[in-house]
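Enquirer: Supplied in structure tokens, the structure appears directly below.
The values are calculated or read from the model by the stated rules, or taken from the named source; none is laboratory data. Every value quoted in this text rests on a predicted model; they were computed, and no experiment measured them. Don't worry about glycine lacking a Cβ; one is built from the backbone with ideal geometry, like all the others, and counts go over all protein chains shown.
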Amino acid sequence: MAYLVECRVGGYVVDAGRVAGEARRRGARRILLQLPDGLKPLSRRLAECLERATGAEVVVHGDSVFGACDLQLGKASLLKPDLIVHVGHTPYPPELADGSEPPDYVVFDPAFYESSVPAGVVEEAAGILARRGVGRVAVVGSVQHARILPSVAEALRGAGVEAEVPRGDPPFFLDGQVLGCDYRVALRSRADGFVFVGGGLFHPLGLYLATRKPVVKIDPYTLRVEDVTPTGERFLKVRLFKVSQAMGSKRWGIILGLKTGQYRPWLYSRLKRLMDERGVEYRVYAAEATGADLVRSIDEPWFEAFVVTSCPRIPIDDVQDYPKPVLTPGEAVMALRGELSPYRFPW
Ligand code: SF4
């Protein structure tokens, strides 16, 4: 499906007509363009295209933008943009943050990647699933690839696999769309395994941790197929070890996120309540950057364990090698309750 007015850059397509309509409605003179780092090399061409479509000045936000959880409205307001165009994500689900909807001057565009997956590639994925004894499959992906999920499901059915694309929850989730911290769309399905369509390991690894079911990845950029299950199993073992390390810890650091979509008061209350009930001491830190550098800078012998409530991928992808346990919220709940099963990811 083509947009009426579109920007096609590097294989991605952005709905420039919608941006132009919103810019017109607001009489926009300055637009701030936000993209994740992976799409930054397209920023110059995309900015030019959006300037042509809107007649407004387009300034590119140069800071890393990790997700729709990271709109950086405070910093952005210095530039006084009339419109923020946030490319590469759908809006962050407000119930996971502090309940606030994104402001109406932010336009989200998924930046769909134009691709198709050849039948041979799908058959290879079907073969792996069959060897793993998976009969019913849900086809999911990161947002850039949401458009091709139905065709992958159809090709899987052609290869004899029972396949569906689980229903989304617009505007936050398109059908089959998963986030690195939210796999509710995948969990809606009663499938006993997943085909993930997208690049990298970030999303499929999270999918395994959230479901503990086989995950086969189809990479639409390289057209390679990979069974992510063994990597997921390896990470799960490490995570369970971290949980067991933190069990019985009496002095915790709670790290809260101050990015727009990463401030989660509901999680903070839950953890505080659990710690108070168990007579656990804690010190609370709040920051925008809640990664390994912060943990290293605040750590001292008093702390036995940490929990990060901002992005649940930080403990897994960024601080996994830290000598003390640094846990996701779900893992901290397990450790505080003294439970190793079921594994909770992410909350
Ligand atoms: S995984 Fe982390 S960076 Fe990605 S949307 Fe969730 S909180 Fe944001």
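Enquirer: Does any residue in segment 267-289 that is within 13 Å of Ser310 (Cα to Cα) come within less than 8 Å, Cβ to Cβ, of a residue that is among the hydroxyl-bearing types (Ser, Thr, Tyr) and in a helix (DSSP H, G or I) six or more places away or on a different chain, and which pairs are these?
Expert: Val284/Tyr268
Enquirer: OK, next. I'm trying to understand the selection: among the residues of segment 166-194, which are closer than 17 Å to Tyr208 by Cβ, away from the ligand (no atom under 12 Å from the Cβ) and not in a loop (DSSP other than H, G, I, E, B)?
Expert: Arg184, Val185, Ala186, Leu187, Gly193, Phe194, listed by residue number.
Enquirer: Oh, and also: Have a look at Leu78, Leu42 and point out the one that is farther than 22 Å from Gly180 by Cα and over 26 Å from the mean Cα position of the chain (by Cα).
Expert: Numbers: Leu42 fails: over 26 Å from the mean Cα position of the chain (by Cα).
Just a single option satisfies the conditions, and that option is Leu78.
Enquirer: Hey, could you check segment 241-267 for residues that are buried (at least 18 other Cβ atoms within 10 Å of the Cβ) and part of a helix (DSSP H, G or I) and say which is nearest to the ligand (Cβ to nearest atom)?
Expert: Leu267
Enquirer: Would segment 273-284 turn up any residue that is aliphatic (A, V, I, L, M) and part of a strand (DSSP E or B)?
Expert: Taking segment 273-284 first, the residues aliphatic (A, V, I, L, M) are 274-275, 280, 284.
Checking the rest, the ones that are also part of a strand (DSSP E or B) come to 284.
So far as segment 273-284 goes, yes, one or more of its residues are aliphatic (A, V, I, L, M) and part of a strand (DSSP E or B).
Enquirer: Name the one entry in Thr290, Thr309 that is over 20 Å from Arg184 (Cα atoms) and either within 13 Å of the ligand (Cβ to nearest atom) or assigned by TED's automatic domain parsing to the domain that holds Asp182 (or both).
Expert: None of the others qualify; the one that does is Thr290.
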